[in-house]
Structure formats: structure tokens, C-alpha cells
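Inspection log for the structure reproduced underneath, given as C-alpha cells.
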């Protein structure tokens, strides 16, 4: 696999943020459940992109480190949303 074929995690993380905002607004349990599933899938997709960057560029590369930092921020937002939902 060439490094030029690696998709950016940014699209997944941007969509994750939009999905988390939608989760906070929606009241229908079915719709909320679907959005929660989507959020989990988007977070997982971002994680896959980071793994690809670590393998291709190296774990300590600027590309991989920036990806991991973005993913951590997404995880923090995901956790904050989950906490809101259960409290």
C-alpha cells in the first residue's frame, strides 16, 4: 500500500462531531440509538485511519501523532456525550 492511498481521519472526526451534536438535540429514542451507532462507527473509522498512518509513516511521525491527538479529542467528546445521556 502506498502512503498516498491513506484516507484522512478528518472526515470521520468532523462527521463524529456533527453526529454528537445531533445526538444532543434529538429526543426520539430510535433515532438517538441510530446516531449512537453511527458515532461509534465514525470513531472506529478514525482509529483505523490512525493505525494506517502509524504503519505507513511510523508511530512517532507527525502525521500519526496529529491523527492520534485528533482521535483523542473525538474520544473525549464521545465520552462527554455518553455521560450526558446517562445522567
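Here, each number is a calculation from the coordinates, and none is a lab measurement. From a predicted model like this one, the values you see are computed outputs, not experimental measurements. No Cβ is skipped: glycine too gets one built from the backbone with ideal geometry, and neighbour counts run over all protein chains shown.
List of remarks:
- In the range 68-86, the residues that are within 20 Å of residue 51 (Cα to Cα) reach residues that are outside any helix (DSSP H, G or I) with C-beta atoms within less than 7 angstrom, at least six apart or across chains, in these pairs: 70/9; 71/9.
- Close contacts from the range 32-48, counting a first residue that is surrounded by fewer than 19 Cβ atoms within 10 Å (Cβ to Cβ) and a second that is not in a helix (DSSP H, G or I), with Cβ to Cβ under 9 Å and a gap of 6+ residues or different chains, come to 32/26; 45/7; 45/9; 47/9; 48/7; 48/9.
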